[in-house]
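Values quoted throughout were computed directly from the atomic coordinates according to the rules given, and no laboratory measurement underlies them. Remember, predicted model here, so these are calculated numbers, not experimental data. Heads up, the Cβs are rebuilt from the backbone with ideal geometry, glycines too, and the neighbour counts pull from every protein chain shown.
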Amino acid sequence: MTRREQVVYLAAAWCLSYPDEDLIGRVPLMRAALGEFPGAVADFQEVLDSLESTPPLQIQAQYVREFDLGKRHALHLSYWTDGDTRRRGEVLGNFKKTYRQSDILVDTHGELPDYLPMVLEYAAVVDLAAGRDLLARFRASLEMLRFGLLRDELPHARILQAVCATLPGKSPADEQAVMRMAGYGPPTEAVGLDPYDPRLLPVKGA
């Protein structure tokens, strides 16, 4: 199971990253690695096909539109639980502490340490146990992202599904169940204010 998890995490990290020329060139490698395990490639198939068949400029523009220009599909795990609150600094510090405890220097490449592709790659190639623990602790964030991708009919939702399937327990049935899991959804208040309880508010699609 360990090898399968490592392959799933690394393929997910790459498929959720900006599709530059290097990443597109890794598609055959991802297919081969996922193909070692029955059924593993199915959750990645549509994204891999798109990487191979879509003109690079088009797929890059799609990625920027879906992942960079808004928060509907935020790839920073602490956004979903802490937003722009005072808590988030401490949470990000805990990510850095986890990385520092590894024997390998983790280069964040200017990203916040809770950036999902980075966490997945850390789990795949540096410390599987510590990385999986981070993913499990932020299971609610993964599930909220998955539901957001499902709502907008993006194939990356199945990749999140594959990641969540490596973690203990079943995925929640709906977004309300995820919010109960987390205790609250993504806070939007300014730094310094007490967080609201979004369980009193309707779930919004945007």
Compute the label zone of ARG4 within the range 16-52: residues whose backbone N is under 16 Å from the point 7 Å along Cα-to-Cβ.
-> 33-44
When Lys and Arg each count +1 and Asp and Glu each count -1, what net charge do the other residues less than 13 Å away from ILE24, Cβ to Cβ, add up to?
-> -3
Please say if the range 2-185 is rounded, prolate or oblate, where rounded means a/c under 1.5 for a ≥ b ≥ c the square roots of the C-alpha gyration tensor eigenvalues, and otherwise the choice is prolate for a/b larger than b/c and oblate otherwise?
-> rounded
Once both labels are modelled 7 Å past Cα along the beta-carbon direction, what's the ARG31-LEU69 spacing in nm?
-> 3.0
Give me the number: length gained by fully extending SER102 to GLU21, i.e. 0.36 nm times residue separation minus the C-alpha to C-alpha distance, one decimal in nm.
-> 26.2 nm
Rounded to the nearest Å, the spacing of the alpha-carbon centers of the range 78-101 and the range 127-152 is 15
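Using unit Cβ charges (K, R positive; D, E negative) and no other charged atoms, how large, in debye to the nearest 20, is the dipole of the range 2-185 about its Cα centre?
Roughly 680 debye for the range 2-185.
Grab the other residues whose beta carbon is less than 13 angstrom from that of ASN94, score K and R as +1, D and E as -1, and report the net.
+2
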